[in-house]
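Here, each number is a calculation from the coordinates, and none is a lab measurement. On a predicted model such as this, the values are computed, not experimentally measured, just so you know. Because the Cβ atoms are built from the backbone with ideal geometry, glycine has one as well, and the counts that use them run over all protein chains shown.
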Amino acid sequence: MANELYLASTPLHLLNAIAIASSRPDQQSHIILIDQPVVEGNPYFSILRHWQDSPFRSLNIFQGRIKGIREKLAARKIIFNELDDIIQTLNPSRIYTGNDRRIEFQYAMQSQFKQHGHQAVGIYMDEGTFTYVGRKDSASISDKYIDNVIKKLTYGFWWKNPITIGASDWIKEIYAAFPDKVHPLLQGKQLNALQRCYENNAIVQSFCSELITYFQAKVGAISQLDAILTLPHESIIDSLDGYRESMLSALQQLTDAELKVGIKYHPRNTNPDILNCADREGVSVLPHQIPFEAILPLLDECIIIGDISSTLINGRWLKPNAQILSIANPEVPLFDEFVTFFNDIGVTSIPVSQLQEQLQQVLNA
């Protein structure tokens, strides 16, 4: 059996790693949680360490988001040394990442070649937004030239600066939710359908259940939801004219139709219940720490309402039969590209003023 190494910095990266690894039981899978804000008491590390269904043979975690240039460089030197040891032990044939700009991924790729004399296959796991609409910042002068030179001088000339996420020469394969719709710069890679790794995958469902239980929510109650509102940061709710009122009206429409509704607030909100829904009949406020992507595999057919973001991209492919409504917000970067892509995948983008009318059509269908 060959060793395969997964690097995951976000909950979606981790969920994708679990789906892919569990669909490749003939390989030995290993995972590193990278760029983590906390190491001690990290919920994902804790769950993976005790989870009996885990597809991973080994588990490591690296601290990230460290302030101060000296402190960051010192921390990365430690991480590089640990990566060297892991690469020396595993000699991975494939290294997976949700972001090929991550320094941990690029270092692991060059370390594997330096130690073992052959290149591992780099695989990009769909992270959502950038896979389809590109990363605008990558084309800026500061990112393309200044940041690129600084990183090469700081870390080594092995550093590559991809034009968009997934486009670097390190990446040979891509697991994408919509392989036929990836950004043009990714179309020359070997494309794999990510959704196949999730279909009827009991391991994914097991992990989602573990995560939901960890945050003290009830799996059974979530699986019975008929609709879910995934809300943006509270600053958008307060700044977008009519947003709050339209969401409250939508909630009323859904509960009047006797549907069970879940509210998923943004994890960085200071107000844990900005719409004051905790005591509302037929409405459940879900723990904001639970990633939206971990809720979706446990739902049946449902209605999803959210804003312009990768959240609804993931909602479409994880729940192909869901009715999804997206609240248009022209202030979102790459708004026009988002709307075009949303239309391509069957997500309806509407002004907030039209939410009630559009929702009524969905309820009457």
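Count Lys and Arg as plus one, Asp and Glu as minus one, and take only other residues whose Cβ is under 13 Å from that of GLN224; the net charge is then -2.
With K and R counted +1 and D and E -1, the other residues having a Cβ less than 14 Å from that of ILE123 yield a net charge of -1.
Residues of segment 178-204 with amide nitrogen under 16 Å from the 7 Å Cα-to-Cβ point of ARG24? Backbone N within reach: 190-198. Residues whose amide H lies under 5 Å from that of SER54, counting only those 5 or more places away or on a different chain, are absent; hydrogens are built 1.01 Å from N in the peptide plane. Selection among SER284, ILE274, GLY346 by position relative to the dipole of segment 217-364 gives SER284 as farthest towards the positive end (Cβ unit charges, Cα centre). Given the choices [x] 21.1, 80; [y] 21.0, 65; [z] 25.3, 84, Rg and Dmax of the Cα atoms in Å derived from the coordinates of this structure is entry [y]. Straight Cα distances below 19 angstrom link LYS152 to the lysines LYS72, LYS77, LYS114, LYS144, LYS160, with same-chain residues fewer than 8 positions distant left out. Summing charges over neighbours of GLY64, with a neighbour being any other residue whose Cβ is under 15 Å away from its Cβ, gives +2 when K and R count +1 and D and E count -1. Applying 0.36 nm per residue to the separation of ILE350 and GLN216 and subtracting their alpha-carbon distance, the gain on full extension is 44.8 nm.
In this structure, the amide hydrogen of ASP307, modeled 1.01 Å from its nitrogen in the peptide plane, lies closer than 5 angstrom to those of ILE327, counting only residues at least 5 positions away or on a different chain. Grab the beta carbon distance between ASP279 and ARG244, set R0 = 22 Å, and tell me the FRET efficiency rounded to 0.05. Efficiency computed from Cβ-Cβ geometry: 0.80. Its Cα centre serving as origin, segment 3-198 has a Cβ charge dipole (Lys and Arg +1, Asp and Glu -1) of approximately 440 debye.
At R0 = 41 Å, how high is the FRET efficiency between THR255 and GLU40 if r is their beta carbon distance? Nearest 0.05 is fine. Result of the calculation: an efficiency of 0.50. Relative to the current alpha-carbon distance between LEU363 and ASP84, full extension at 0.36 nm per residue lengthens the span by 94.9 nm.
Estimate the FRET efficiency between ASP53 and ASN91 by the formula 1/(1 + (r/R0)^6), using the beta-carbon distance for r and 22 Å for R0, to the nearest 0.05. The calculated FRET efficiency here is 0.25.
The charge dipole of the chain, taken about its Cα centre with unit charges on the Cβ atoms of Lys, Arg (+1), Asp and Glu (-1) only, comes to about 1480 debye.
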